[in-house]
1. From A:Val296, A:Val291, grab the single residue that is crowded, with 24+ Cβ neighbours inside 10 Å, farther than 28 Å from A:Pro429 by Cβ and more than 12 Å from chain B (Cβ to nearest Cβ).
2. Residues being open to solvent by 50 Å² or more (accessible area, probe 1.4 Å) and free of Cβ contacts under 8 Å to residues at least 24 places away in the same chain: count how many of those fall in segment B:372-383.
3. Please give the helices (runs of 4 or more DSSP H) falling wholly within segment B:1-112 in which 2 or more residues are touching a residue at least 40 places away in the same chain (Cβ under 8 Å) and within 35 Å of the chain's Cα centre (by Cα).
4. Given the criteria within 19 Å of A:Ile126 (Cα to Cα) and surrounded by 20 or more Cβ atoms within 10 Å (Cβ to Cβ), does B:Phe27 qualify?
5. Exactly one of these conditions fails for A:Ser344: (1) over 22 Å from A:Asp439 (Cβ atoms); (2) small (Gly, Ala, Ser); (3) more than 10 Å from chain B (Cβ to nearest Cβ). Give me its number.
6. Find the strands (runs of 3 or more DSSP E) located wholly in segment A:282-395 whose residues include 1 or more that are assigned by TED's automatic domain parsing to the domain that holds A:Val243, and list them.
7. Restricting to segment B:237-273, what's the tally of residues that are under 26 Å from A:Thr325 (Cα atoms), of a type in the set (Gly, Ala, Ser) and in contact with a helix residue (DSSP H, G or I) (Cβ under 8 Å, 6 or more places away or on another chain)?
8. Restricting segment A:454-488 to residues that are in contact (Cβ under 8 Å) with a residue 60 or more places away in the chain and more than 8 Å from every other protein chain (Cβ to nearest Cβ), which is surrounded by the fewest Cβ atoms within 10 Å (Cβ to Cβ)?
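The values are calculated or read from the model by the stated rules, or taken from the named source; none is laboratory data. None of the values given here were measured: they were computed from a predicted structure. Glycine gets a Cβ as well: all are built from the backbone with ideal geometry, and neighbour counts include every protein chain shown. These area figures cover heavy atoms from the full protein model, side chains too; ligands, DNA and RNA do not enter into them. Shrake-Rupley method; radii C 1.70, N 1.55, O 1.52, S 1.80 Å.
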Amino acid sequence: MKIIFDKSVQGRRGVTLPQLEPGVEAQLKIDGRYLRAQPAELPELSELDVMRHFTALSNRNFGVDSGFYPLGSCTMKYNPKICEKVAALDGFAGLHPFLPQLPQGGELTQGALEVIYELEALLCEISGMAACTLQPLAGAHGELCGMSLIAAYHRDRGNTEKKEILIPDEAHGTNPASAVGVGFATKPVPTDPVTGRLDIEALRGMINDRTAGIMLTNPNTLGIFNSEIDQVVELAHSHDALVYYDGANLNAVLGAFRPGDAGIDVMHINLHKTFATPHGCGGPGSGPVCVRENLVEYLPVSRVVKKQDNTFALDYEQPKSIGYTAPFYGSFLVYLKAYVYILSLGRQGLIEASQHAVLNANYLMNMLKSDYDLPYDRRCMHEFVLSASRQAKQGVHAMDIAKALIDRGFHPPTVYFPLIVKEAIMIEPTETESKETLDTFIQAMKEIAAVANSDPQSLNAAPVNTRISRPDEVQAARGMDFNYCPQD
Amino acid sequence: MSYISNTADQSQAMLAACGLSTMEDLFQDIPKRLKPRSFNLPEAMSELEVHSRLKRMAGRNAADLTCFIGGGYYEHFIPAAVDAATMRSEFYTAYTPYQPEISQGTLQAIYEYQSQICRLTGMEVSNASLYDGGTALYEACQMALNTTGREQIIVDGGVNPIYCKILESYMANHAEVKLTKIPAAPGQAQRDRIKAVLCDETAVLVLQNPNFFGTVDDHSDLVEECHKRGVLVIQLVYPIAMALLKTPGEMGVDIAIGEGQSLGIPLSFGGPYLGFLATTKNLVRKMPGRLVGRTVDRNDKECFVLTLQAREQHIRRDKAISNICTNQALCALRAHVYMSLMGREGLRELAGICHARAEFAKARFKQIPGVQVAESAPTFNEFTLRLPKKADAVVGELVGRGIVPGLPLGRFYSEMENCLLVAVTEMRTKAEICKLAENLESVL
């Protein structure tokens, strides 16, 4: 398909702008030495050209609305349309973020401040934590914020020796990267090969006075719930280390487990995973951070407070705050959608969402475990990890299975993660999928397993039903073509 | 309202297939002592009820004021086609393009977005986006620290104070980093003050054009001075102004960043926004964030993939150059659609309208007794006024009349209590500017 710049026709326009009024001079009042030499070569297209181009691009994509998308760890559930409708309301979308910072400006944005205040309270009740900030702009940004809170806590106490964060070896890559981003060193804690849980004895041997915190995900990336989480917390606290809970998998345990009840100090919630805000080709996300009482005073500013007259206001008077983590109040239009989702489902709906997510995952796991290896054969939560080790002996690897699924009309699961499982295939069906969809997927997976035995080479060629075959990634890295220059 | 597809019968059949009888059986790994101590949440609502409630809440926000506030976040017109194109669910319900064969739409769009940003800024390579302009500054500074191995960051006084606050928050965790801030004042970058602190330990100088006070500058001389000493330069730019102004590329800047909100993204009460970051080819391996490259498939057909991923957290973990994974893809897509609609001439014309109306406003406000324009240097579409009384008080009075005359600067700089930062975009008509002038006259 043509690059948009190659569709450009000189003189064509996609917008008409208002004329300047009489008395408003068009002449530039900026000296030539401050101006660019040549215009920016943006494409010249009609509105129809633009719509055709992006419609054609969209036809080369696959979303949750297109079909089953069991991308493990990413929670590709259905995104209710009401959320989009609400986020498009002018009273939210058109609101300037500086308004509540003006004198008496709070009055201008009471509805928006109420959304923030109420959603924070809802997330606190859901997580069992004491306080919440909606500022972090994505899950990984939440991690950075949460790690900053841990750093601030230790700085405030003069715990200068606390420089290390312990992280299970199955964790998301963002965990160690976030800890390092805040100046900590990290050490991986092994996973018990039998239970699939954090090896608590190994942890006991590693934790010491240098340990600033432990970062864990529960259920973990193998989809296994760690029933010893409260003991991990106790162990950490006995060394004045804090425990960070990566809420990436909170969608598995709504109404069944609250991190706050286990003594967790700080956590983030990926709203796009747990509360159905759209993933948007990779963002924008929203990663609120919730804390226990011990960290409340370090939360970023501003905080939204409810005054005695029941109106809402911004509070910047937090002397121990870590400061600004985002320009304003976070990804407002994203978390607004999560708020709508929580209100729609209500208490029982949220509990059922987790129940069905876990049921769908267990059903798939049970139906597939005879055809693929299941390294941790136990009840799973919202996702599970198969291994293509058996198929790999025939020369069919996890990536080949992923590509074969594309040919059969599915978005593939996550492959090669978590790193501790060889030939990993990480499957997360989510609660919104029906039994019929899961059964079709099961059939496809079984058929692929059979073909892996009978005709393995055919799977190495997959996908064949797509507009392109597998891209040459080495050429992409070597060619360094990131910016379209037609004369090249 | 529930979005579960399975019926009770289906769920029962699936439980049976797992050898279980109730939903509770699925959660047996969670011991009794870890069961929730409470879960007090409201009962479910229908779509109709939720919509009515949220519409009421939206109605308690004053989104319809005649607003002259900018400060880095601008009200621009958004053509309807931006929403129509980006609201296709093949875009907004997809995730990061890990499977390129069914994600060519996202990948080509990002590649084209990267190219648009390069053309706008005159830089060689752009990433796929960052969260916002402020966090882009933090990421760009990290990039400069890593590249130079030095530890001092100099931030010019014209850099948006909100971005400075974000940078300070993160740098508080890195005691070795020395953050030097040049005192703020309306007008161009204060060369003498910058040169006085620039030294061989300096990793990077951060500049903004037009700066926070609206002043336009050419930083070429500063870039030259920095490069002589092995210092990198970050320049923050306003993308609409880039249609007219000398680009960071033309000035020799190393890392150009900015807030992309103006490119078709609504003000949204603070987010989601769009951070852009563009640099030179020789710094690309130090650049944070996703990057799309053009390549070929097995049949030699042109296609696009995520590339140079060895920089990133999912590969390098604790050795990654940034923890960022999710970016702002849908916001970048909006910006791309917007730039495609505006086009080469449209964006220039738009920038011209903003500038012309701002100049008209500047000239009109100068006639008000006691009001001065704080800078003599050229401005683009924003300028700083010195009022004969506290700007807070003036704003307070005019808001009641449905006009927000600008951003009072005392909130950021205690010595600028009488200063008001006024922004004019194509949304503000001559009539509205005149109405503001008359209202200012009546309260001053």
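1. Answer to the selection: A:Val291.
2. The total comes to 1.
3. Output list reads B:47-59, B:80-86, B:89-92.
4. In short, yes.
5. (3)
6. Of the strands (runs of 3 or more DSSP E) lying wholly inside segment A:282-395, those with at least 1 residues that are assigned by TED's automatic domain parsing to the domain that holds A:Val243 span A:289-291, A:303-306, A:312-315.
7. Residues that pass the stated criteria total 7.
8. Here the answer is A:Pro486.
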